[in-house]
C-alpha cells in the first residue's frame with residue numbers, strides 16, 4: 001500500500017481570517033489557526049512566518065508547551081505568549097472530556113474512596129488548577145500523622161511542580177473515626193500558614209474512612 005505523500009503547503013490566496021469566515025474554522029491549517037490568534041507579525045517577520053515557527057514548536061512539545069518556550073521564539077514576546085497560553089488553556093478546560101472537576105468535598109471523597117480500607121494512614125496532596133480541575137494525586141506520606149513527618153516542603157513541591165493554583169489535603173483514618181485529632185488540626189494550621197507565604201491556596205483537608213468523610217472546609221476550620 002502506498003503511503004500518503006507529504007501534504008504541500010498551499011499557496012496563499014486568502015488571509016486566514018477571510019478563509020475562516022468563508023469556509024469555516026476546520027478549513028484552516030495549524031499555522032493559519034495560530035496566525036488568527038496572533039493577529040499580526042512584527043517588523044521583519046510576518047505573522048505567517050511566526051506561525052510556521054510556532055507550529056514546529058508545538059509539534060515538538062505537544063501539550064507540555066510552556067510560557068518560557070513560547071517567549072524564546074523570536075518575535076513572540078510576552079504579550080503574544082500570554083495570548084497563546086490563554087487560548088490553549090481555555091480550550092483544554094472547555095473541551096477535554098477526561099478532566100475531573102472538584103467542586104465540593106463529596107467529589108474528593110468519591111475520588112479517594114480507594115484509601116478508606118487501608119490499614120495505615122495515607123496522606124495525599126491533590127493538586128488543582130485554576131478551573132478547579134484535578135491535575136494529579138500525590139501520595140506524600142504513609143504512617144501516623146505528626147508535624148515532624150509532614151513537612152511543607154514535600155507538600156508544596158508537588159504543587160509547584162504541577163503549576164497548581166491550589167491543593168486539597170486528604171488522609172484516611174483506619175479506625176473509622178472521622179473526627180480530626182489534635183495533630184490533624186495542628187498539621188493543617190501549619191500547612192495553611194506555609195501555603196499563604198507561597199501564594200498557594202489550601203482549599204480543604206478531608207479525612208476519609210469506611211464511615212464517610214470529614215471536611216475541614218465544611219466545618220470552617222480552614223481559616224489562616
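The values are calculated or read from the model by the stated rules, or taken from the named source; none is laboratory data. Please read these numbers as outputs of a predicted model, since none were measured by experiment. Positions of Cβ are generated from backbone atoms using ideal geometry, with glycine treated the same way; all protein chains shown enter the neighbour counts.
Worth a mention:
- Whichever residue in the range 120-169 is assigned to a helix (DSSP H, G or I) and at pLDDT below 85 and, among such residues, is farthest from residue 107 (Cα to Cα): 153
- Residue in the range 199-209 that is over 16 Å from residue 125 (Cα atoms) and modelled with pLDDT under 90 present: yes
- Test result for residue 191, crowded, with 18+ Cβ neighbours inside 10 Å, in the same structural domain as residue 114 (by TED's automatic domain parsing) and farther than 23 Å from residue 119 by Cβ: yes
- Candidates are the residues of the range 194-218 that are within 27 Å of the chain's Cα centre (by Cα) and assigned to a loop (DSSP other than H, G, I, E, B); the one that is surrounded by the most Cβ atoms within 10 Å (Cβ to Cβ) is 216.
- So residue 223, is it within 23 Å of residue 106 (Cα to Cα) and exposed (fewer than 15 other Cβ atoms within 10 Å of the Cβ): yes
Here is a yes/no grid of residues against (1) over 25 Å from the mean Cα position of the chain (by Cα); (2) within 30 Å of residue 86 (Cβ to Cβ):
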position: 109; (1), (2): no, no
position: 125; (1), (2): no, yes
position: 133; (1), (2): no, yes
position: 161; (1), (2): no, yes
position: 170; (1), (2): no, no
position: 179; (1), (2): yes, no
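- The criterion of at least 3 residues that are modelled with pLDDT under 85, out of contact with any strand residue (DSSP E or B) (no Cβ under 6 Å at 6 or more places or on another chain) and surrounded by 11 or more Cβ atoms within 10 Å (Cβ to Cβ) is met, among helices (runs of 4 or more DSSP H) falling completely within the range 14-92, by 16-23, 30-38, 47-61.
- When the test is whether a residue is within 19 Å of residue 216 (Cα to Cα) and surrounded by fewer than 20 Cβ atoms within 10 Å (Cβ to Cβ), residue 118 does not pass it.
- Residue 79 being assigned by TED's automatic domain parsing to the domain that holds residue 36 and in contact (Cβ under 8 Å) with a residue 40 or more places away in the chain: no
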